[in-house]
Every structure is written in structure tokens, then in C-alpha cells.
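Engineer: Sending over a structure as C-alpha cells; questions will come in a sec.
The values are calculated or read from the model by the stated rules, or taken from the named source; none is laboratory data. From a predicted model like this one, the values you see are computed outputs, not experimental measurements. Neighbour counts are summed over all protein chains in view; Cβ atoms, including those assigned to glycine, are modelled from backbone coordinates with ideal geometry.
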């Protein structure tokens, strides 16, 4: 169907866009928020609205994931290959993060605290790996090493990965049963979730008792909005005026509309428009470091805080970025990129 106006489908190039740059920006927002929160201080945005920098970062990741993973299913059309691709993208870097955090992180913390290594700690280290190996964080800390900190978890960023992988699988099965081939049922299912989210005090406890907080219940909302934008890519009007209106409405919504938030739709429009118009569209040629930044920054902040150096939150942001980018660089070049070569083999096996 042709439209008398330009749509995102006309302008969005899957192979040449600024999504890589956007993910780096979103990862930086998460670092900023955690640098404040782990210091026991609200970040500047949370002092004036219902949301903080870290939430925008995480929500943006989930919106982009919903958008991109829907496209991945469209290009794959096989639940086995689709699942293997998602496993290859998430698990190898996650496992390496668990191992490095367990042994290198523990070593550094022991040195900082001036305490001795014990067999009991070793058992806790092994438990940290075995209990968390399938993405669900059943053991958040190791032997009480971080008990003196504001946040006891050694890596409080990892909890979202299990939900993200769950949404990948739900989307894959939706594709398997043919739901994604039709716009109406896809949008209807996501709309039902959003409405139940609104009607249950933003906790979605009507259908899903496991969702006990708005922090968790909003994630399917974000992912679902990304899916909607993908299936309607050729119908959504591409307009600078709508982009500017979305920015204004996003700001208004996060400040004044807590009970029935609409900002995920505005944020999705903003991100998609920026992915077309921002420069540095080839930044991913140097590597996709956003995942590594996300999974490594939290333990680095925790270790820095254990030194009791009394850095301000903004100083902590700057100090955290350097080792985080270094580990993200190593993760991409020695774990993620080699693993992604398996995805290429999967594509060739079709």
C-alpha cells in the first residue's frame, strides 16, 4: 500500500543507521544513573520527574530490542535458528562477565578490604557462577564482599537480561505460530498487555502475578512498543514535526502522567527518527560495545566505591567509563564478535 506521505519504511535503512550510536548513548545513561544511585543519591532527572536516566537507558534498549528482534525473526523464519542466534548473542559475553566478576572482581575487593581468601568464599564464588548461569540472578553477591555498600548486589545490571531473553523467546513462538505475519493480532496482544498494565497500577498483576513491581512490568510494554513500530514501519509517518512533538510529549508524560504512561510510544518515535538522522552511522564498524558496557559497568562502580575515595557521582561516571570501555572492547573483540561468526554460519545453513 502506498501513502501520500513519507513513512519510516521509506527512510530506515537496516544496514546503515545510527542504532549503534544510540545504544552507546543509552548505555551511558545507565552508567550515569548507577553512579548516582550507588552513591545513595537520586540522579538529576529523578528529582523532577517519574523517571531517571537509567530507566530511559534500559527502556530504550528494550524498545530497540523489540524493533530489531522482530526484524531478526522476519529474516530467519526458523525457531531453532532464531533461538540459537539469540543464545549466541547473549550468553557467551554474559558467562565471561560472570567469570571475570567472580574471580578478578573478588580478588580486587579482597585487596581493597585487606581480607583473606577462604574456602567458604571459594564456595560462594562457584555458587555465584552456577546459580546465575542461566541468566536468572539467584545469587546476587559473593560471600558478603559488598555488604558494606549501598547496594549489596555485585552486578545489579544483570537482572534485566533474563527478561530480555524471555521476550525474545515469546516473540519467536509468536512468529512460529504465524502471529507476526499479521499486524492486527500482533498489535492486539501487545495492546491488551498495555491496558492491563495501566489498569493494575502499572504492575500488570491481572494476568502475571510474578510481576510485583512497575520496574519489571513495564519491560514488556517497552519491548512490545518496539515490536509495534517494526510491524508498522511502512505505515508510521516520518516527520520532523512529529519528532519534535514526540520530544515535547515525552517530557510532559514523564513529569505529569504516572498512572497511564504513553511515553514509550514517544520514546520509540524519537529513537527511530534519531537512528535515521544522527551522524556516525558507521560507528559499529569499530565494534558494538553497548552490551559489554551494560554488563560490566556496575561491578566496576561497586569496586570503586569500596575504595572509599568519596568521588562525586559525576566524577564516578568519568572514572567508571575508562575501565568499562576497556572491558567492553575486550568482550566485543574476543567473545562477542567471534561468537557472532556462528550466526553467519547459521544464515548460510538455510
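Engineer: Determine if segment 300-308 includes at least one residue that is at pLDDT 95 or above, buried (at least 24 other Cβ atoms within 10 Å of the Cβ), touching a helix residue (DSSP H, G or I) at 6+ places or on another chain (Cβ under 6 Å) and more than 19 Å from residue 42 (Cα to Cα).
Structural biologist: Yes, because at least one residue in segment 300-308 is at pLDDT 95 or above, buried (at least 24 other Cβ atoms within 10 Å of the Cβ), touching a helix residue (DSSP H, G or I) at 6+ places or on another chain (Cβ under 6 Å) and more than 19 Å from residue 42 (Cα to Cα).
Engineer: If the requirement is being out of contact with any strand residue (DSSP E or B) (no Cβ under 8 Å at 6 or more places or on another chain), in a helix (DSSP H, G or I) and within 25 Å of residue 90 (Cα to Cα), which of these qualifies: 163, 197?
Structural biologist: Matching residue, one of 163, 197: 163.
Engineer: Pick from segment 46-68 the residues that are assigned to a loop (DSSP other than H, G, I, E, B) and in contact (Cβ under 8 Å) with a residue 60 or more places away in the chain: which of them is surrounded by the most Cβ atoms within 10 Å (Cβ to Cβ)?
Structural biologist: 51
Engineer: Scan segment 132-161 for residues that are surrounded by 15 or more Cβ atoms within 10 Å (Cβ to Cβ) and out of contact with any helix residue (DSSP H, G or I) (no Cβ under 7 Å at 6 or more places or on another chain) and report the count.
Structural biologist: 5
Engineer: When you look at residue 191, is it at pLDDT 90 or above, buried (at least 16 other Cβ atoms within 10 Å of the Cβ), closer than 19 Å to residue 268 by Cβ and more than 20 Å from the chain's Cα centre (by Cα), yes or no?
Structural biologist: So residue 191 fails the test.
Engineer: Of all residues in segment 246-272, which are assigned to a helix (DSSP H, G or I), farther than 13 Å from residue 226 by Cα, in contact (Cβ under 8 Å) with a residue 24 or more places away in the chain and touching a helix residue (DSSP H, G or I) at 6+ places or on another chain (Cβ under 6 Å)?
Structural biologist: Those that are assigned to a helix (DSSP H, G or I), farther than 13 Å from residue 226 by Cα, in contact (Cβ under 8 Å) with a residue 24 or more places away in the chain and touching a helix residue (DSSP H, G or I) at 6+ places or on another chain (Cβ under 6 Å): 246, 254.
Engineer: Here are some residues: 154, 135. Which one is within 20 Å of residue 292 (Cα to Cα), in contact (Cβ under 8 Å) with a residue 60 or more places away in the chain, within 26 Å of the chain's Cα centre (by Cα) and part of a loop (DSSP other than H, G, I, E, B)?
Structural biologist: Testing whether each residue is within 20 Å of residue 292 (Cα to Cα), in contact (Cβ under 8 Å) with a residue 60 or more places away in the chain, within 26 Å of the chain's Cα centre (by Cα) and part of a loop (DSSP other than H, G, I, E, B) leaves just 154.
Engineer: Something else: It is to be established whether one or more residues within segment 99-106 are within 25 Å of residue 323 (Cα to Cα), out of contact with any strand residue (DSSP E or B) (no Cβ under 9 Å at 6 or more places or on another chain) and free of Cβ contacts under 8 Å to residues at least 12 places away in the same chain.
Structural biologist: yes
Engineer: Based on this model, can you work out whether residue 237 counts as under 14 Å from residue 51 (Cβ atoms) and surrounded by fewer than 18 Cβ atoms within 10 Å (Cβ to Cβ)?
Structural biologist: It is false that residue 237 is under 14 Å from residue 51 (Cβ atoms) and surrounded by fewer than 18 Cβ atoms within 10 Å (Cβ to Cβ).
Engineer: Looking for something farther than 20 Å from residue 156 by Cβ, in a helix (DSSP H, G or I) and without any contact (Cβ under 8 Å) to a residue 24 or more places away in the chain - is there at least one such residue anywhere in segment 296-307?
Structural biologist: no
Engineer: Out of all the residues in segment 3-12, is one or more touching a helix residue (DSSP H, G or I) at 6+ places or on another chain (Cβ under 9 Å), surrounded by fewer than 19 Cβ atoms within 10 Å (Cβ to Cβ) and more than 24 Å from residue 240 (Cβ to Cβ)?
Structural biologist: No, segment 3-12 contains no residue that is touching a helix residue (DSSP H, G or I) at 6+ places or on another chain (Cβ under 9 Å), surrounded by fewer than 19 Cβ atoms within 10 Å (Cβ to Cβ) and more than 24 Å from residue 240 (Cβ to Cβ).
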